[in-house]
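Worksheet: the structure to be examined is printed underneath.
The values are calculated or read from the model by the stated rules, or taken from the named source; none is laboratory data. What you see is a predicted model, and the numbers here were worked out from it, not measured in a lab. Here Cβ is always computed from backbone atoms with ideal geometry, including for glycine, and neighbour counts include all displayed protein chains.
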Amino acid sequence: MSTEAARLSARDRLLASADELFYREGVHTVGIDRIIEHAGVAKATLYNTFGSKDKLVEAYLLSQHANTADRISRALQRYRTPRTRLLGVFDAQGEIFTDPDFHGCAFVSATSEAHAATVEQAATEYRLWVRALFTELAEQVGARSPKTLAYQLHLLYDGASVSAGMDPGGRAAETARAAATVLLDAALTSTS
């Protein structure tokens, strides 16, 4: 364990281990013993901190959600107009696709592997956040039907994530952004 890792609290080490191992290998595949060993904590620490593997998976997904929301929010600060902010979501998404450690959407992976209520709830909350973000941006840009446009953009966002996970080095983000531009232009033209 590195000196930096030793300075983290046991909870933070468990979450960091879960983040690395669950994301890379899957929530179902990685057992509690691997997480404990990787984090350098006792089994009792995991259970005293989280109570169960399901609760650790939930904490991992909530952390993924917070990190994604923060990353996208920071990226959108670069853009000055409602239009560029809306399309900037796909630019921000594309930035993560270039990471060599990108393995697709953590929420898609987790829900396909584990059908626990905590996993489903965390995934639902994340998806509601994505949809609300697109709805807010569609309203700001003046789309005739912001909820419809948001739903369409959310489909592109999800599809780009799945495609990038299955086709590393592809052009998923650029293609999704181009399709989003067409949808956005159509949503704005129909308001005239």
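Summed over region 69-100, the residues that are farther than 17 Å from ALA180 by Cα, crowded, with 16+ Cβ neighbours inside 10 Å and either at pLDDT 95 or above or touching a Cys at 6+ places or on another chain (Cβ under 6 Å) (or both) give a count of 1.
Does GLU25 fit the bill of being more than 30 Å from LEU149 (Cα to Cα), without any contact (Cβ under 8 Å) to a residue 12 or more places away in the chain and under 18 Å from the mean Cα position of the chain (by Cα)?
Details: more than 30 Å from LEU149 (Cα to Cα): yes; without any contact (Cβ under 8 Å) to a residue 12 or more places away in the chain: yes; under 18 Å from the mean Cα position of the chain (by Cα): yes.
So GLU25 fits the description; yes.
Note on region 43-85: residues that are assigned by TED's automatic domain parsing to the domain that holds GLY26, touching a helix residue (DSSP H, G or I) at 6+ places or on another chain (Cβ under 7 Å) and free of Cβ contacts under 8 Å to residues at least 12 places away in the same chain total 1. Residue count for region 163-177, restricted to those that are over 17 Å from LEU137 (Cα atoms) and not in a loop (DSSP other than H, G, I, E, B): 8. Condition check: under 17 Å from the mean Cα position of the chain (by Cα), at pLDDT 90 or above and not assigned by TED's automatic domain parsing to the domain that holds ASP19. Does VAL182 satisfy that? Judged against the criteria, VAL182 is not a match.
Note on region 101-144: among residues that are in a loop (DSSP other than H, G, I, E, B) and over 16 Å from the mean Cα position of the chain (by Cα), the one that is surrounded by the fewest Cβ atoms within 10 Å (Cβ to Cβ) is HIS115.
Considering region 145-174, and only residues there that are crowded, with 16+ Cβ neighbours inside 10 Å and among the small types (Gly, Ala, Ser), the residue that is nearest to the chain's Cα centre (by Cα) turns out to be SER161.
So for region 44-61 (the condition being at pLDDT below 95, over 17 Å from ALA116 (Cβ atoms) and charged (D, E, K, R)), does at least one residue qualify? No, region 44-61 contains no residue that is at pLDDT below 95, over 17 Å from ALA116 (Cβ atoms) and charged (D, E, K, R).
Of the residues making up region 13-33, those that are acidic (Asp, Glu) and surrounded by fewer than 16 Cβ atoms within 10 Å (Cβ to Cβ) are GLU25, ASP33. For region 48-89, residues that are on the phi > 0 side of the Ramachandran plot and aromatic (Phe, Trp, Tyr) total 0.
Yes/no matrix, rows are residues, columns are (1) touching a Lys or Arg at 6+ places or on another chain (Cβ under 9 Å); (2) within 30 Å of PHE134 (Cβ to Cβ); (3) of a type outside the set (Lys, Arg):
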position: PHE50; (1), (2), (3): yes, no, yes
position: TYR60; (1), (2), (3): no, yes, yes
position: SER73; (1), (2), (3): no, yes, yes
position: LEU76; (1), (2), (3): yes, yes, yes
